[in-house]
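J.: After the structure tokens below, expect a handful of questions from me.
The values are calculated or read from the model by the stated rules, or taken from the named source; none is laboratory data. What you see is a predicted model, and the numbers here were worked out from it, not measured in a lab. Don't worry about glycine lacking a Cβ; one is built from the backbone with ideal geometry, like all the others, and counts go over all protein chains shown. Heads up: the accessible areas ignore ligands, DNA and RNA and are worked out on the full protein's heavy atoms, side chains in. Shrake-Rupley method; radii C 1.70, N 1.55, O 1.52, S 1.80 Å.
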Amino acid sequence: MTELKGALIGCGFFSINQMHAWNDVEGARIVAICDRDPARLKVVGDQFGIDRRYSDAEALFADGGFDFVDIATTVESHRALVEMAARHKVPAICQKPFAKTLSDAKIMVETCRNAGVALMVHENFRWQTPIQAVRKALEAGAIGTPFWGRFSFRSGYDVFSGQPYLAEGERFIIEDLGIHALDIARYILGDVSAVTARTTRVNPKIKGEDVATILLDHKNGATSVVDVSYATKLSTEPFPETLVELDGSKGTIRLTQGYGLKVTNAQGTTTTNVSPKLLPWASRPWHNIQESVYAIQQHWVDQLKRGMEHSTSGADNLRTFALVEGAYESAAKGQTIDVGAML
Ligand code: NAD
Ligand code: 89Y
């Protein structure tokens with residue numbers, strides 16, 4: 001099998017996971033890295049034995065010699081880097097949040113489409129083993145037709161020590177974390193026609209909202225609640241688990257804290273342990289996220305080789321990103337937002 005060569009831009013906090021995962025992925029390897037911060041470039045270059053190092057993305061693309069680019073920077077640079085990739089006809093993965101605004105995101109999708117290059121958003125939470133298990137149970141018909149769901153991420157984990165920028169933005173939890181839970185809601189219950197949200201900030205040391213409660217009207221008639229909080233102190237810290245509740249015409253699914261999957265229907269109740277694997281380079285409690293990084297990157301390679309669209313393609317992610325923008329607009333106006341009108 002031909003091995004794809006990749007370049008990674010952005011050697012920060014989360015890129016370490018992506019670099020480890022690239023080592024494990026079959027059919028691809030990273031041949032060049034880029035970061036405008038020389039200290040970070042050196043740390044990642046030395047740790048992963050990458051000799052081709054760039055402080056400027058234009059210089060990286062000008063030299064070329066890679067089949068795809070993995071953009072692992074924070075959101076401010078995403079549009080410029082995706083457009084740069086398109087200009088150089090290089091397929092691109094872009095970290096979440098995809099863009100600062102939905103209109104930027106639409107332009108990025110259009111630019112890559114016009115350039116004929118694949119674009120995938122690194123929206124990895126749907127690739128988590130427990131979320132995949134929920135989807136499989138649903139697809140197997142275990143609870144009939146779902147009519148209600150809850151996708152819940154409530155935590156008191158200190159995310160600010162590893163990612164200090166999260167304390168500084170006007171927007172926080174919906175854009176950073178709620179985006180994943182909203183994507184899972186779409187992945188499990190399908191696309192959304194309307195969104196209603198309420199937000200608040202509990203932690204006085206941060207700028208943005210750290211609690212959000214979002215009501216989704218799904219196009220298939222189901223209703224779901226996406227509730228996220230980084231102000232919730234529990235006896236056993238659940239970070240970074242998304243808990244799921246689904247009620248269907250023939251039964252219920254509960255994904256509970258500690259990675260238990262409980263399916264109840266006419267046959268009774270089965271409980272399965274759907275814990276993620278602890279990959280050799282991973283560490284608890286991040287292993288759930290880390291395993292999904294490996295899964296999405298393997299998916300990138302597999303689909304790119306087949307010439308097929310990715311599960312979280314740029315086009316797909318517009319429909320998740322619209323929920324982020326819709327939730328902020330709803331919270332600001334105290335109104336329900338028509339999602340279809342945004343797309
Ligand atoms: P970070 O600030 O630690 O790292 C970003 C790096 O990008 C920095 O080293 C910075 O110098 C570099 N950079 C920024 N703009 C650049 C440019 N134009 N050219 C070259 N280098 C540039 O941020 P992080 O915590 O690693 O987060 C990166 C992204 O990953 C964010 O968008 C964040 O939301 C996302 N993230 C995703 C997950 C997930 O599970 N998918 C988890 C954590 C973070
Ligand atoms: O940035 C966030 C993400 O994408 O997953 C968890 C996180 O690291 C902190 O909320």
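J.: On average, how much accessible surface per residue is there in the chain, in Å², for a 1.4 Å probe, leaving out ligands, DNA and RNA?
T.: 42 Å²
J.: Using θ = phi - 60° and the Karplus relation 6.51 cos²θ - 1.76 cosθ + 1.60, list the HN-Hα couplings for region 143-150 in order, rounded to whole Hz, with x at every Gly or Pro.
T.: 10, x, 8, x, 10, 8, x, 9
J.: Enter the angle in degrees (range 0 to 90, nearest 10) between the Cα long axis of helix 15-24 and the first principal axis of the Cα atoms of the chain, meaning the one along which they spread out most.
T.: 80 degrees
J.: Under a plain spin-label model, where a point goes 7 Å from the Cα along Cα-to-Cβ, how far apart in nm are GLN47 and GLN267?
T.: Rounded to a tenth, the inter-label distance reads 4.4 nm.
J.: If you don't mind, another one. Within straight cross-link reach of LYS233, meaning Cα distance under 21 Å, which lysines are found once same-chain residues fewer than 8 apart are removed?
T.: LYS205, LYS207
J.: Here's another thing I want to ask about it. Could you compute the net charge surrounding VAL117? Neighbours are other residues with a C-beta less than 10 Å from the C-beta of VAL117; K and R count +1, D and E count -1. Before the final figure, lay out the partial values.
T.: Details: positive: ARG87, LYS89, ARG113; negative: none.
In short, +3.
J.: Quick one: net charge of THR223's neighbours, Cβ under 13 Å, K/R +1, D/E -1?
T.: Values: positive: ARG150, LYS219; negative: ASP217, GLU245, ASP247.
Taking every Cβ under 13 Å from that of THR223, the sum is -1.
J.: Still on this structure: What does the C-alpha gyration tensor say about the overall shape of region 186-323? Classify as rounded when a/c is under 1.5, otherwise prolate if a/b is larger than b/c, or oblate.
T.: Rounded.
J.: Also, I was wondering about something else. If we restrict to alpha carbons, what Rg and Dmax does the chain come to, in Å?
T.: For the chain, the Cα-based Rg and Dmax read 19.8, 62 Å.
J.: I need the phi-derived Karplus couplings for region 135-141: 6.51 cos²θ - 1.76 cosθ + 1.60, θ = phi - 60°, integer Hz, Gly and Pro marked x.
T.: Coupling constants for region 135-141: 4, 5, 4, 5, 5, 6, x Hz.
J.: So what are the three principal axis dimensions of region 8-56 from its Cα atoms, in whole Å, longest to shortest?
T.: Principal extents (largest minus smallest coordinate, Cα): 29, 20, 16 Å.
J.: Counting each DSSP H run of 4 or more residues in the chain as -39500 (n - 2.57), what helix-only mean residue ellipticity at 222 nm follows after dividing by all residues, to the nearest 500 deg cm²/dmol?
T.: -10500 deg cm²/dmol
J.: Among ALA59, THR111, ALA21, flag the residue with its Cα farthest along the positive direction of the charge dipole of region 4-117, charges on Cβ as +1 for Lys/Arg and -1 for Asp/Glu.
T.: THR111
J.: Taking LYS5 as the anchor, which lysines have their alpha carbon closer than 26 Å to its alpha carbon, excluding any fewer than eight residues away along the same chain?
T.: Hits, sequence-local ones excluded: LYS42, LYS89, LYS96, LYS305.
J.: Next question. In whole Å, how far is the Cα centre of region 317-336 from that of region 129-185?
T.: Here the answer is 16 Å between Cα centres.
J.: Here's a follow-up. Roll a 1.4 angstrom probe over the protein heavy atoms and tell me the percent of accessible area of region 289-343 that is carbon or sulfur.
T.: 48 percent
J.: Quick check: with the 1.4 Å probe, what order do SER311, SER15 take by accessible area, largest first?
T.: From most accessible down to least: SER311, SER15.
J.: What is the sum of charges, Lys and Arg at +1 and Asp and Glu at -1, for the other residues whose Cβ falls under 15 Å from the Cβ of GLU245?
T.: In short, +2.
J.: If a/c stays under 1.5 just call it rounded; otherwise compare a/b with b/c (prolate if a/b is bigger, oblate if not). Do that for region 12-94, with a ≥ b ≥ c from the square roots of the Cα gyration tensor eigenvalues. Please list the in-between numbers first.
T.: Numbers: a/c = 1.40, a/b = 1.22, b/c = 1.16.
Rounded shape, in that the Cα axes give a/c under 1.5.
J.: Here is a further query. Give me the base-10 log of I(q)/I(0) for region 137-255 at each q in 0.14 Å⁻¹, Debye formula, one uniform scatterer per Cα, rounded to two decimals.
T.: For region 137-255, the Cα-only Debye profile gives -0.60.
J.: Read phi for every residue in region 117-132 and hand back ³J(HN,Hα) as whole Hz from Karplus 6.51 cos²θ - 1.76 cosθ + 1.60, θ = phi - 60°, with x for Gly and Pro.
T.: With coefficients 6.51, -1.76 and 1.60, one gets 10, 5, 9, 10, 8, 6, 9, 8, 4, 5, 8, 5, 3, x, 6, 4 Hz.
J.: What nm distance separates the two modelled labels at LYS5 and VAL202, each placed 7 Å from Cα along Cα→Cβ?
T.: The two pseudo-label positions are separated by 5.0 nm.
J.: With a ≥ b ≥ c the root eigenvalues of the C-alpha gyration tensor of region 64-183, is it rounded (a/c under 1.5), prolate (a/b larger than b/c) or oblate?
T.: oblate
J.: Normalised by the number of residues in the chain, what is the relative contact order in percent for Cα pairs under 8 Å and 6+ residues apart?
T.: Result for the chain is 18 percent.
J.: First compute the accessible area of region 4-117 with a 1.4 Å probe, then give the percent of it belonging to carbon and sulfur atoms.
T.: Answer for region 4-117 is 49 percent, counting heavy atoms of protein chains only.
J.: Using a Förster distance of 25 angstrom, determine the FRET efficiency expected from the C-beta separation of TRP148 and GLN303, and round it to 0.05.
T.: 0.20
J.: Return the long-range amide H neighbours of ALA194 (sequence gap of 5 or more, or a different chain), with a cut-off of under 5 Å between placed amide H atoms.
T.: Here the answer is ASP217, VAL339, since their amide H atoms fall under 5 Å of that of ALA194.
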